[in-house]
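Working notes for the structure below.
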Amino acid sequence: MTKVGEVYSCDVCGNLVEVKEAGAGQLVCCGKPMVPAKKG
């Protein structure tokens, strides 16, 4: 489950997504699950 303020990235295309409203489910981009973005 995501949390408000978290940032996720797509390892395929590099899209970044910031969670504005949390919900159940999984973030998907380019047909693959998105992963938490690395800080820094």
- Dipole moment magnitude, nearest 20 debye, the chain about Cα centre, only Lys, Arg, Asp, Glu C-beta charged: 100 debye
- Message: Per residue of region 23-33, what does 6.51 cos²θ - 1.76 cosθ + 1.60 with θ = phi - 60° give for ³J(HN,Hα)? Whole Hz please, x for Gly and Pro, Karplus curve as stated.
- Response: x, 6, x, 10, 7, 10, 9, 6, x, 10, x
- Long-range amide H contacts for GLU6: which residues qualify at under 5 Å (H placed 1.01 Å from N, peptide plane, sequence gap of 5 or more or a different chain)? VAL19
- Note on the structure: For region 5-16, Karplus-derived ³J(HN,Hα) couplings (6.51, -1.76, 1.60; θ = phi - 60°; whole Hz; x for glycine and proline) come out as x, 5, 10, 10, 10, 9, 6, 8, 10, x, 4, 10
- Using amide H atoms built 1.01 Å from N in the peptide plane, name the residues 5+ places from CYS29, or on other chains, whose amide H lies under 5 Å from its own. MET34
- Compactness check, the chain: C-alpha Rg relative to the 2.2 N^0.38 Å globular estimate gives 1.08
- If amide H atoms are built 1.01 Å from N in the plane of the peptide, which residues on other chains or at least 5 residues away come under 5 Å of the amide H of ASN15? CYS10
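Every number in this text was worked out from the coordinates using simple rules, so none of it is lab data. Note that this is a predicted model, so its numbers are computed, not measured. Here Cβ is always computed from backbone atoms with ideal geometry, including for glycine, and neighbour counts include all displayed protein chains.
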